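*Asks:* Shown below is the structure under consideration.
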Amino acid sequence: MSGWRETILKEFIPNVSKLTLVADPDSLLTEEKLFATLHQRGFDLIEFDDPIEFRYAYESKYRSIWDKGEYTDLVVVLRLQNSELSCLPYDLLQAGRKLSFNLGDLFSNLSYPVIEQLDRSMLDALYNAQKKNPTDRMGDNATKDFILRHVYGIPMDMISDDIKLLRTLLRLHYSKIHMPPVFSERLVRILSENSVFQTWDLKEIVPNEKAFFAFLQERWPIFLDHLGKSDQIEEKHFKYGLKYTGPKFLPFDHQDIRIYIDNLFLEGKIAPVKSAKLNIGSNSWIKIGVQEDDDGCADRISGLFNLLREDFPTVEGSYSEWINFALKWAELSALMHCINDETHQVQFCEMGLKFNRSFAIWLTQNYSNLINL
């Protein structure tokens, strides 16, 4: 294991001290991979939150055994709410080795108040970005811009037209990338300074996944109506009752946008709509977004089976991968009630057995860690 975790892990060597006290105001030790590695090395992590609860666990599980001269796994006391270890009981301070970790030390050239807002799953990308792009000490806005570009992959100076903005928001929201308000607000502010995006409802669709997909849902019928007309039609003739401001017509057929369309409809993020005036070929890419007499259940089910096979989590996967898989599986489970097809039912049962076996192994290995995430 390399990167920022190694900086911390090098301090945790078995048999050095039976008790280690750690000031960890940024909850770094409870990050998923780091916590799992510490546990593999024999370290138990106990949070000093409730003094009475902690004292009971400490005295019954560890102190009584140590007093007998017996060996137990090493113990780390996390001081999450207060970085001052001096607040701990005197007997712990006398017996324990003292360590301290925080984001400010790991990323010394970046603004501490900004990076502490970053989701811990993004720290790997931030560490690699800092290593590849060494910089002088940055202020708040410079740090936000650095993270937007190198961690979230959003080069704001390159977002110059509707297609680039739409592609950026699709990647952001479809991938379920968690962006804290401090970064989404910065992104909205910079985009708002571009006259091209003055009509876009950026304050709603940038930070809010549901609002963004609702924005796309409103524009999909307009796109279909334009495809169904051979002559040029002025938008003023259409009264769609749009909730979100912005361009009425979106280029869903652009190659950078079209690659997302199938999955958006398959996963139910956008719903198909009726379009009586549109002649759809059997192999047309827009077919999945047009409601047919049978609601298109069979086609969506086949598509979801393929998508789930591609995204099947492994026993080494993260909890977020399993959650994302579960959302797609729930969509498929609901659709299975729409049809009575033996072939699909057999596939559904086989896949369910397969992923439940995998999930059982994953849960056995990771359940004890979940409470700390």
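The values are calculated or read from the model by the stated rules, or taken from the named source; none is laboratory data. Note that the coordinates shown come from a computational prediction; the quantities given were computed from them, not determined experimentally. We place every Cβ from the backbone using ideal geometry, glycine too, and count neighbours over all the protein chains shown. All accessible areas refer to the heavy atoms of the entire protein, side chains included, with ligands and DNA or RNA removed. Shrake-Rupley method; radii C 1.70, N 1.55, O 1.52, S 1.80 Å.
*Asks:* Are there any pairs with C-beta distances below 9 angstrom linking a residue in the stretch 23-47 that is surrounded by fewer than 17 Cβ atoms within 10 Å (Cβ to Cβ) to a residue that is of a type in the set (Gly, Ala, Ser), with the two at least 6 apart or on different chains, and if so which?
*Replies:* Taking only residues 6 or more apart or on different chains, the pairs are Lys33/Ser318; His39/Ser368; Ile46/Ala57.
*Asks:* Determine, yes or no, whether Ile323 is over 21 Å from the mean Cα position of the chain (by Cα) and at negative phi.
*Replies:* Against the criterion (over 21 Å from the mean Cα position of the chain (by Cα) and at negative phi), Ile323 does not qualify.
*Asks:* Taking the conditions exactly as written (in contact with a strand residue (DSSP E or B) (Cβ under 9 Å, 6 or more places away or on another chain), modelled with pLDDT under 90 and not in a helix (DSSP H, G or I)), does Asn340 satisfy them or not?
*Replies:* In short, no.
*Asks:* Counting just the residues of the stretch 94-120 that are out of contact with any helix residue (DSSP H, G or I) (no Cβ under 7 Å at 6 or more places or on another chain) and at pLDDT below 85, which one comes out farthest from Arg63 (Cα to Cα)?
*Replies:* Arg97
*Asks:* Right, something else. Among the residues of the stretch 109-150 satisfying the criterion of being within 21 Å of Glu6 (Cβ to Cβ) and part of a loop (DSSP other than H, G, I, E, B), which is most open to solvent (accessible area, probe 1.4 Å)?
*Replies:* Pro134
*Asks:* Just the residues that are of a type in the set (A, V, I, L, M) and either closer than 20 Å to Gln130 by Cβ or touching a Leu at 6+ places or on another chain (Cβ under 9 Å) (or both), please, taken from the stretch 152-162.
*Replies:* Selection gives Ile154, Met156, Ile159.
*Asks:* Ok, one more. Where residues in the stretch 193-252 are β-branched (Val, Ile, Thr), in a helix (DSSP H, G or I) and open to solvent by less than 10 Å² (accessible area, probe 1.4 Å), which of them is modelled with the highest pLDDT?
*Replies:* Here the residue is Ile205.
Table: residues versus (1) over 23 Å from Lys176 (Cα atoms); (2) open to solvent by 30 Å² or more (accessible area, probe 1.4 Å); (3) modelled with pLDDT under 90; (4) part of a helix (DSSP H, G or I).
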site	(1), (2), (3), (4)
Ala276	yes, yes, yes, no
Ile301	no, no, yes, yes
Val315	no, yes, yes, no
Phe359	no, yes, no, yes
Asn369	no, no, yes, yes
Leu373	no, yes, yes, no
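*Asks:* Next question. Can you tell me which condition Phe355 does not meet? The list is (1) farther than 19 Å from Thr314 by Cα; (2) open to solvent by less than 80 Å² (accessible area, probe 1.4 Å), and all the others hold.
*Replies:* (1)
*Asks:* Right, something else. Only one of (1) touching a strand residue (DSSP E or B) at 6+ places or on another chain (Cβ under 8 Å); (2) open to solvent by less than 20 Å² (accessible area, probe 1.4 Å); (3) at pLDDT 80 or above is not met by Leu88, so which one is it?
*Replies:* Single failed check for Leu88: (3).
*Asks:* Something else about it: Tally time: how many residues in the stretch 168-181 are crowded, with 19+ Cβ neighbours inside 10 Å and either on the phi > 0 side of the Ramachandran plot or in a helix (DSSP H, G or I) (or both)?
*Replies:* 5
*Asks:* Kindly list, by first and then second residue, each pair from a residue in the stretch 319-336 that is farther than 15 Å from Cys297 by Cα to a residue that is in a helix (DSSP H, G or I), limited to pairs with Cβ atoms under 8 Å and residues at least 6 apart or on different chains.
*Replies:* Pairs that qualify, where the first residue is farther than 15 Å from Cys297 by Cα and the partner is in a helix (DSSP H, G or I), are Tyr319/Glu32; Tyr319/Asn366; Tyr319/Leu370; Ser320/Ser121; Trp322/Phe359; Trp322/Trp362; Phe325/Leu308; Phe325/Phe355.
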